[in-house]
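Novice: This is the structure I want to talk about, given as structure tokens.
No value in this document is a laboratory result; all are computed from the given coordinates. This structure is a prediction, so every number in the text was calculated from the model and none was measured. Cβ coordinates were reconstructed from backbone atoms using ideal geometry, including for glycine residues, and neighbour counts include every protein chain displayed.
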Amino acid sequence: MQYRNFPMVPRVVFGNGSFQQLGEILMPKRKNSDAPFIFFVDDIFEGQALAKEIPLLFNDQIIFISADEEPKTEQIDVLVQKIKESFTELPSGIVGIGGGTLLDLAKAVSIMLTNEGSAADYQGWDLVKQPAVYHVGIPTISGTGAEVSRTTVLMGPEKKLGINSDYTPFDQVVLDPNLTQGVPKEQWFYTGMDCYIHCIESLNGTFLNAFSQSYGEKALDLCKEVYLGDIPLADSRDKLMMASWHGGMSIAYSQVGVAHAMSYGLSYVLGVKHGIGNCLVFQYLEEFYPEGVALFKKMQEKHKISLPKGVCAKLTDQEFDIMINVSLGLVPLWENALGKDWKGIMTRERLLALFKSI
Ligand code: NAD
Ligand code: ZN
């Protein structure tokens, strides 16, 4: 048995207002006045207080990016090219400020600044050769675990797949729950449920071990407090941020399962975003996660979240085929969820019927 020796985020600061310490944190990482920090910031913050508080120095640059679509390999390649053309030196560092979309984008750009070719060449496991540029993640919405994970999920020309590598995790994370204050309710639910589903899939998977369980159970308890308890809003923001962290740590040493495998297929064909995609799938997975789905429905009811219906109603046979191929391609997820003989359990027909119900 070969155990995975995986990297963790070496530095993290947690607390309301900790974003104010960013200037101080970056200072020792500045190589010289020609090597800038590039800040990738969710464009909802354009003109907002947060953007004005970014500690710019020398030739630092803020690049606002929309999170309406998930990051693409082509988009990463264009951004890297642009940075290389604009500066005489490699950046001192890359900072991502936003949700999973911006965090993944920052991770991918920091990798591609030091590795040749296209981001698409590195989608997979352990394909990255050179260490990335120093990179910092600052989440403004909680749930994905992208702030701790060893992957950056990208939509490529052929597949939606992460760059999973030892160089992917952030060198520094700033967890400031205050930054999540403006998140709209639906989005708060969808992205938070990503965390909840990470827990359920990890805790009910065949890859489970004490490491994953210890983080998964804590994250699940926090999710229950946030989505089923009646706690003050500020506490709830703190707890959801830590739930996201622990949920990410839990899957780091296990794997996600059926909902994620299906959600990737859904997202590839329909462009459905990760959080809502997971919810759309998960509600129909009682046969795999009976308790998890029952609790999900309770949370959905409590927060009056209604999910769209008939999402797959107009798909052609060919589109269903692609959806199924993308989904079944995620072998480790199925193996975790259903065991080594998963192919006999999750047949194409069964998967098709599940997709058709969405
Ligand atoms: P997101 O980054 O896509 O953002 C969702 C929405 O919330 C956007 O409209 C954004 O503008 C808005 N938003 C973010 N912060 C806000 C704030 N403070 N106030 C108001 N609005 C705010 O959402 P997400 O769910 O965090 O991320 C999804 C992405 O994460 C997907 O691309 C998915 O593939 C990726 N992901 C990555 C990992 C990983 O380990 N790398 C894990 C899970 C998901
Ligand atoms: Zn997820």
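Novice: Sequence gap at least 6, Cα distance under 8 Å: using those rules, report the relative contact order of segment 11-180 to the nearest whole percent. Mind showing how you got there, number by number?
Specialist: Values: 362 pairs, mean separation 45.2, N = 170.
Rounded, it is 27 percent for segment 11-180.
Novice: Which of the peptides 65-78, 311-324 is most tightly packed, and how do the rest follow, going by the mean number of other Cβ atoms within 10 Å of each residue? Before the final figure, lay out the partial values.
Specialist: Numbers: 65-78: 17.6, 311-324: 14.2.
Put in order of decreasing packing, that is 65-78, 311-324.
Novice: Follow-up. Determine the gain in length on full extension of the stretch LYS52-GLU287; use 0.36 nm per residue of separation and subtract their C-alpha separation, reporting nm with one decimal.
Specialist: Details: separation 235, 0.36 × 235 = 84.60 nm, distance 4.92 nm.
Length gained, LYS52 through GLU287: 79.7 nm.
Novice: Add +1 for every Lys or Arg and -1 for every Asp or Glu among the other residues with Cβ under 13 Å from the Cβ of GLU116, and state the total. Provide the component values of the computation, followed by the final result.
Specialist: Values: positive: LYS84, LYS129; negative: ASP77, ASP121.
Counting the neighbours of GLU116, the net charge comes to 0.
Novice: Where in segment 46-78 is the amide nitrogen less than 16 Å from a point lying 7 Å along the Cα-to-Cβ axis of LYS84?
Specialist: 73-78
Novice: Where the Cα atoms of the chain are projected onto their three principal axes, how long is each span, largest first, in whole Å?
Specialist: Rounded to whole Å, the extents work out to 59, 47, 45 Å.
Novice: For the chain, what does -39500 (n - 2.57) per DSSP helix run (n ≥ 4), summed and divided by total residues, give at 222 nm, in deg cm²/dmol to the nearest 500?
Specialist: Values: 14 runs with 163 residues, N = 358.
Theoretical 222 nm ellipticity from helices: -14000 deg cm²/dmol.
Novice: Return the distance in nm (one decimal) between the two label points of a simple spin-label model at GLN20 and GLN2, each offset 7 Å from Cα along Cα→Cβ.
Specialist: Going by the 7 Å Cα→Cβ label model, 4.9 nm.
Novice: Using only Cα atoms, locate the centre of segment 96-116 and the centre of segment 257-332, then give the distance between them in Å, rounded to an integer.
Specialist: 26 Å
Novice: What number, in nm² with one decimal, is the all-direction average of the projected area of the convex hull of the alpha-carbon atoms of segment 11-180? List each step's numbers first, then the result.
Specialist: Numbers: hull surface 35.5 nm².
For the Cα atoms of segment 11-180, the hull's average projected area reads 8.9 nm².
Novice: Sorting check: for 344-355, 134-145, which peptide has the highest mean count of neighbouring beta carbons within 10 Å, and how do the rest follow? List each step's numbers first, then the result.
Specialist: Numbers: 344-355: 14.8, 134-145: 26.7.
Ranked by mean Cβ neighbours within 10 Å, highest first: 134-145, 344-355.
Novice: Between LYS343 and GLN213, how high is the FRET efficiency from 1/(1 + (r/R0)^6) when r is the Cβ-Cβ distance and R₀ = 30 Å? Nearest 0.05. Don't skip to the end; give the middle numbers.
Specialist: On the way: r = 27 Å, r/R0 = 0.88.
Calculated value: 0.70.
Novice: Okay, moving on. List the relative contact order of the chain as a percent without decimals, with contacts defined as Cα pairs under 8 Å and 6+ residues apart. Please report the intermediate quantities before stating the final value.
Specialist: Values: 669 pairs, mean separation 52.9, N = 358.
The value is 15 percent.
Novice: Let me ask another. Just to be sure I understand: if I project the alpha-carbon convex hull of segment 260-358 onto a plane and average over all orientations, what area do I get in nm²? Intermediate results must be reported in sequence, preceding the final value.
Specialist: Values: hull surface 24.3 nm².
In nm², the orientation-averaged hull projection of segment 260-358 is 6.1.
Novice: If you don't mind, there's one more thing I want to ask. Just for the chain, what percent of DSSP beta bridges are antiparallel, to the closest 5? Intermediate values should be presented prior to the final figure.
Specialist: Numbers: 3 of 27 bridges.
Taking every DSSP beta bridge with both residues in the chain, the antiparallel ones total about 10 percent.
Novice: Can I ask one more? Could you give the dipole magnitude of segment 185-357 about its Cα centre, charging the beta-carbon of Lys and Arg +1 and that of Asp and Glu -1, in debye to the nearest 20? Please report the intermediate quantities before stating the final value.
Specialist: Details: 17 positive and 19 negative charges, 64 e Å.
Dipole about the Cα centre, nearest 20: 300 debye.
Novice: Efficiency by 1/(1 + (r/R0)^6): what FRET value for ALA234 and LYS302, r their Cβ-Cβ distance, R0 = 22 Å, to the nearest 0.05? Walk me through the intermediate numbers first.
Specialist: On the way: r = 19 Å, r/R0 = 0.88.
After rounding to 0.05, the efficiency reads 0.70.
Novice: Rounded to the nearest 5, what % of DSSP beta bridges with both residues in segment 11-180 are antiparallel?
Specialist: Percentage antiparallel, nearest 5: 10.
Novice: Suppose the Debye formula is applied to equal point scatterers at every Cα of segment 195-284; what is log10 I(q)/I(0) at q = 0.16, 0.18, 0.21 Å⁻¹?
Specialist: So the normalised log intensities are -0.65, -0.79, -0.97.
Novice: Over 20 Å between C-alpha atoms is what I'm after, so list which of LYS29/LYS107; LYS107/LYS224; LYS107/LYS160; LYS72/LYS309; LYS218/LYS239 land there. Mind showing how you got there, number by number?
Specialist: Working: LYS29/LYS107 17 Å; LYS107/LYS224 30 Å; LYS107/LYS160 16 Å; LYS72/LYS309 27 Å; LYS218/LYS239 10 Å.
Those over the limit are LYS107/LYS224; LYS72/LYS309.
Novice: Go through ALA51, PHE64, ASN32 and say which Cα lies farthest out towards the positive end of the charge dipole of segment 29-69; charges sit on Cβ, +1 for Lys and Arg, -1 for Asp and Glu.
Specialist: The residue sitting most towards the positive pole is ASN32.
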